[in-house]
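A.B. asks: My questions all concern the structure below.
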Amino acid sequence: MFNLFERRLAPLDSPSVVVTSTLGSILLALAIGAFLFIPFGANPLLAYVSLFESSLGSLRGFAMTLNRAAPLILVALGTCVAWRAGFGFLGFEGCMTIGAAAAAWFALVGVGEAGQGIILPALLFWPAMLAVAFAAGGVWAGSVGVLRTRYGGNEVLISLMMNYVAIFLVQYLVSGPMRAAGNLPQTDRFPTESWLPMIIPGTRAHAGILIAVGAAFLVWLLISRMRVGFELIVTGLSPLAARYSGIDVGRRYLLAAVGAGGLGALAGLVEVLGTQHRLMDGLSGGLGFIGIVVALLAKLNPLLIVPVAILYAALSVGADALQRSAGVPSSIIFILQSLIVLFVMASDFIRYWKPRLPRFGAATAREERTDA
Amino acid sequence: MLPAVELRGIVKRFANVLANDHASLSVLPGEVHALLGENGAGKSTLMQVLYGSYHADGGEILLDGSPVHFANQRAAIHAGIGMIHQDFMLVRPFTVAENVVLGLDGELQIYQEKRGVLDLAGASRRIEELSTHHGLQVDASARIEHLPVGVQQRVEILKLLYRNARILILDEPTAVLTPQETAKLLETLRSLAAEGRSIIIVTHKLHEIIEVADRVTIMRDGKTVATVAKEDTTEAELARLMVGRDVLLRVRKSPMKRGETLLTTRGLTVNDDRGNEAVRGIDLSVNAGEIVGIAGVDGNGQSQLVEALTGLRPVTGGQITMEGTDITGSTPSGRKDCGIAYVPADRRGVGSVGTLSIEDNSVLCNLRAFTGKFGLFRDRGRSRSHARDLVARFGVKAPDIRFPAGKLSGGNLQKMILGREIMQHPKLLIVEQPTRGLDVGAIEGVWAELLKVRDSGQGILLVSAELEEIRNLADRILVIFEGRFMGELRAEDADDETIGLMMAGRSGKTSGKTRTLTHV
């Protein structure tokens, strides 16, 4: 390998190179993925067309895609806040679960008896709801931040392990204190006033996407316009330089942890108030990790996260449709998603290393000369 | 005489930089050849081409008159070329012998007959032979991490000799050595050359070249501009060839106007990262209008001292005051508020954030001054005009202020950092190794700026391992060794030998010229 590639003095980082290499790797992934359809007798090209038609081609499908994208965006934004500050947080599954539990509690308590109207006026209900969920996730993840800054704990390990604590905690809640009458470990259905409102008539698109896009704007504002955001980025890029320039690195880690946890909790809120309308076991379904992947694909850029998450969600929604209509297993699409992620990540290599084949050309040139 | 190695018309292009532009170099057997040039002149690239790390886009390499092509470093080593990098390539927990045989294959008989077992004892014997023969005292069974840097460098040399290198390339070999260690190294290099080996020293230090080299090749902007014999040249001419204009290596200082006491420490003790005492009871004072120089070989506690003064490292004992106020426990930003600014030794790792723009870096240490009304949002308009001022006033060469700071050359980056701190108008400026790795032109600029700060009545604490720098700038010189001051010298009394002895741990008391520090 050392003979084939030579390190570039500076990586190629012009926008055109980045776009070309990213698009190139997506196309490469699709091309390789095409082979997977062949054993099922499906025409890969038609399969790809129907994949995107079902998820982006119709209003109904697009609505489903948006619903799927909203929690992904929120988790990805949380990843962006934490990771840009150099805080290697992986606990979004747990934050989603905790956020969902807090939202469920507030939906059941804050609305009063089902159907009897909201205790708080609607104008206050939604801000309060968002604040409750955000605070729950913030405290949950913030504790990881405290363990890191106070006691030097490893935030990657702790946050990962705390996912299990959160999941079992909610398992306990739905089979004990918050359990509804009946056989299943779940809460009562929430009063309809606490469901996220529908935003596109005739579809199931709910307001989760609005929360997600709003959050994306706020995170963008934080990262690229605010002093605190700049301090977060400096902390992430170089904790030494941050300390030197008078930034309290510990506090910035803590802030990043709280922000990430809060955003993760909002993802849980969107899931539970938008789609499921009751709290039950196993609600996050891996979204807490897929959101991290989305953030990485979007290079931790808060505005890029929105389209990337929608594309990613479209692939998942299309995969379900494909399985229903053509009997093609949706695992093919998951393989495809993984290929895209791997290739996009690997495409950075070519920006840092340049292929080295000079002797080849030189040798043939010399031979031509002797021939002539 | 046929040159041992000859580089002819080497061209090496990176994306949009022409690093080597038809560079040529020829080194005779038995010659010490210096490759001199400013940073970024293409010296390292040229040597990497010779060492097989880079492939040239044009030109050829000849060994003993016949053209060769190296696919990689291994091929170059095989052909008898050896290189010692500025940062040593040694495995610290391994012994000397283990490091020496690392990466060798069977041909040098490091394996015992038939059994395929590593023969470390045999290797150690050979290392002992080599080290006695060349006067490089090294214990083959010692672990690298326990050895001082001077000895580590001997291990690097032994590594090359073990591989029978005929051509030795040394990249900035004296950067980390005391004057005495440097003298010893240069002696060793002379004796290796006397055996018929060729030595190439890559450096930007002029006085060493005058001491040791037979011939000097000067590089500028990727080209080899001249090759001169030592006898036919002077330091001044070399400096002029290197930067393309006349430079002043002696500075003219105006008489000191000493003002109020700014910073004092009393019995300061500080631990290093491993919990060992690195600063052992230091009393220090810096007044307005003076430059206090702390001289010493790297790693004698000066970094920890500076970190304690700037609030980056907790103190374990003693007291720090600034204008009479106790600041022993205050935070880095608290000390900035007291008027202390700091230019760290590690420009790229601590003093700047490489991926961020010049604009972002120019406000790094004073963020609150560049925000809107409530300190929440950044005021980009003001930070942009500040960055433009900074770039213009301190002559930072960059395409624009959005240029990433990490891509600036060392000299330009240092100007940016120094300028940023000076523009905060501190009462006290602490500078650590301000010209390390800079070329002559940039050193001149940094020195001039520091003297301007002093003359405007601000105090400077200058920590440097470069004697020339300390002697040129400081009004008072303190020499640090193993966490203690060995004594204080007035600038007029200081000569290289006295300071050198004190840097090596010999107390200043033995020399009649020094005035020892009296503890109050």
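A.B. asks: In the range B:213-332, if every C-alpha pair distance is counted and binned at 10 Å from zero, what percent goes to each bin?
C.D. replies: Cα pair-distance distribution for the range B:213-332, in percent: 11, 28, 18, 17, 21, 5.
A.B. asks: Something else about it: List the residues, sorted by chain then number, that are 5 or more residues from residue B:59 or on another chain and whose placed amide H is less than 5 Å from its amide H.
C.D. replies: Excluding prolines and chain starts, which carry no amide H, the hits are B:11.
A.B. asks: Would you mind checking which residues have amide H under 5 Å from residue B:316's amide H? H placed 1.01 Å from N; only 5 or more apart, or other chain.
C.D. replies: Excluding prolines and chain starts, which carry no amide H, the hits are B:269, B:270, B:271.
A.B. asks: Only loop residues by DSSP count here, and only those with at most 11 other Cβ atoms within 10 Å; note down the trypsin sites (Lys or Arg not before Pro) in the range B:272-375 that meet that.
C.D. replies: B:274, B:373
A.B. asks: If a paramagnetic tag sat 7 Å from the Cα of residue B:229 along the Cα-Cβ line, which residues of the range B:194-219 would have the backbone N under 15 Å from that point?
C.D. replies: Residues B:213-217 qualify, since their backbone N sits under 15 Å from the label point.
A.B. asks: Can I ask one more? Could you go through the range B:214-225 in sequence order and give the Karplus-derived ³J(HN,Hα) for each residue, using 6.51 cos²θ - 1.76 cosθ + 1.60 with θ = phi - 60°, rounded to whole Hz, and x for Gly and Pro?
C.D. replies: 7, 9, 10, 10, 9, 10, 8, 6, x, 9, 8, 7
A.B. asks: Please report the antiparallel percentage of DSSP beta bridges with both residues in the protein assembly as shown, rounded to the nearest 5. If you can, show how the numbers build up before the last one.
C.D. replies: On the way: 54 of 91 bridges.
So the antiparallel bridges amount to about 60 percent of the total.
A.B. asks: Mean-square fluctuation check for chain A, GNM, Cα pairs under 10 Å: which of A:15, A:191, A:307 is largest?
C.D. replies: Taking springs between Cα atoms under 10 Å, the residue moving most is A:15.
A.B. asks: Taking beta carbons within 10 Å but only from partner chains, what does the mean come to for residues B:345-352?
C.D. replies: 3
A.B. asks: In peptide B:44-57, how many Cβ atoms from other protein chains are near each Cβ within 10 Å, on average?
C.D. replies: The shielding value for this peptide is 1.
A.B. asks: A further question follows. Report the semi-axes of the equivalent ellipsoid for the range B:1-91 in whole Å, largest first, where each axis is √(5λ) for an eigenvalue λ of the Cα gyration tensor.
C.D. replies: 19, 17, 14
A.B. asks: Another one. Once both axes come from the Cα atoms, what is the angle between helix A:155-175 and the longest principal axis of chain A, in degrees from 0 to 90, rounded to 10?
C.D. replies: Helix A:155-175 sits roughly 40 degrees off the main axis of chain A.
A.B. asks: Provide the net charge surrounding residue A:235, with neighbours chosen by a C-beta distance below 15 Å and charges set as Lys +1, Arg +1, Asp -1, Glu -1.
C.D. replies: +2
A.B. asks: Continuing with the same structure: For residue B:230, go through the lysines and keep the ones whose alpha-carbon is under 22 Å away, minus same-chain ones fewer than eight residues off.
C.D. replies: Partners found: B:43, B:184, B:205.
A.B. asks: For the range A:201-214, just list the computed ³J(HN,Hα) in residue order, Karplus coefficients 6.51, -1.76 and 1.60, θ = phi - 60°, integers in Hz, with x standing in for Gly and Pro.
C.D. replies: x, x, 10, 9, 5, 10, 6, x, 5, 5, 4, 5, 5, x
A.B. asks: Between residue B:253 and residue A:225, how high is the FRET efficiency from 1/(1 + (r/R0)^6) when r is the Cβ-Cβ distance and R₀ = 41 Å? Nearest 0.05.
C.D. replies: E between residue B:253 and residue A:225, to the nearest 0.05, is 0.35.
A.B. asks: In degrees between 0 and 90, to the nearest 10, how far off the longest principal axis of chain A does helix A:92-110 point, with axes built from Cα atoms?
C.D. replies: Helix A:92-110 sits at roughly 20 degrees to that axis.
A.B. asks: Can you give the convex hull volume of the alpha carbon atoms of chain B per residue, in Å³? The partial results should precede the final answer.
C.D. replies: Numbers: hull volume 90.6 nm³, N = 520.
Given the Cα convex hull of chain B, per-residue volume reads 174 Å³.
A.B. asks: Let me ask something else about it. Counting only DSSP beta bridges with both residues in chain B, what percent are antiparallel, rounded to the nearest 5?
C.D. replies: That works out to approximately 55 percent antiparallel.
A.B. asks: Can you tell me which of A:47, A:85, A:257 moves the most in a GNM of chain A? Springs connect C-alpha atoms under 10 Å apart.
C.D. replies: A:47
A.B. asks: Using a Gaussian network model on chain A with a 10 Å cutoff between Cα atoms, which of A:303, A:184, A:255 fluctuates the most?
C.D. replies: A:184
A.B. asks: Excluding residue A:167 itself, calculate the net charge of residues whose Cβ lies under 13 Å from the Cβ of residue A:167, where each Lys or Arg counts +1 and each Asp or Glu counts -1.
C.D. replies: Details: positive: none; negative: A:93, A:281.
Net charge in that neighbourhood comes out at -2.
A.B. asks: Let me ask something additional. Mind checking A:225-231 for the average number of partner chain beta-carbons within 10 Å of each residue's beta-carbon?
C.D. replies: 6
A.B. asks: Now for a separate question. For q values of 0.06, 0.07, 0.09 Å⁻¹, compute log₁₀ I(q)/I(0) with the Debye formula on a Cα-only model of the protein assembly as shown, without solvent.
C.D. replies: Ignoring solvent entirely, the Cα scatterers give -0.56, -0.74, -1.10.
A.B. asks: Whose amide H sits under 5 Å from the amide H of residue B:371, counting only residues 5 or more places off or on another chain, with H placed in the peptide plane?
C.D. replies: Here B:379 satisfy the definition.
A.B. asks: May I pose another question? Viscosity 1.567 mPa s, temperature 4 °C: what is the translational diffusion coefficient of the range B:161-255 from Stokes-Einstein with a Kirkwood Rh over Cα pairs, rounded to a whole number of µm²/s?
C.D. replies: Stokes-Einstein gives a translational diffusion coefficient of 87 µm²/s.
A.B. asks: I'd like the Karplus ³J(HN,Hα) series for the range A:312-319: coefficients 6.51, -1.76, 1.60, θ = phi - 60°, whole numbers in Hz, and an x wherever there's a Gly or Pro.
C.D. replies: 3J(HN,Hα) across the range A:312-319, in whole Hz: 5, 5, 4, 4, 5, 4, x, 4.
A.B. asks: Sum up the charges of everything whose Cβ sits under 14 Å from the Cβ of residue A:21, counting Lys and Arg as +1 and Asp and Glu as -1, but leave residue A:21 out.
C.D. replies: +2
Computed from the coordinates by the stated procedures, all read-outs in this text should not be read as laboratory data. Note that the coordinates shown come from a computational prediction; the quantities given were computed from them, not determined experimentally. Reconstructed Cβ throughout: ideal geometry from the backbone, glycine too, with neighbour counts over all protein chains shown.
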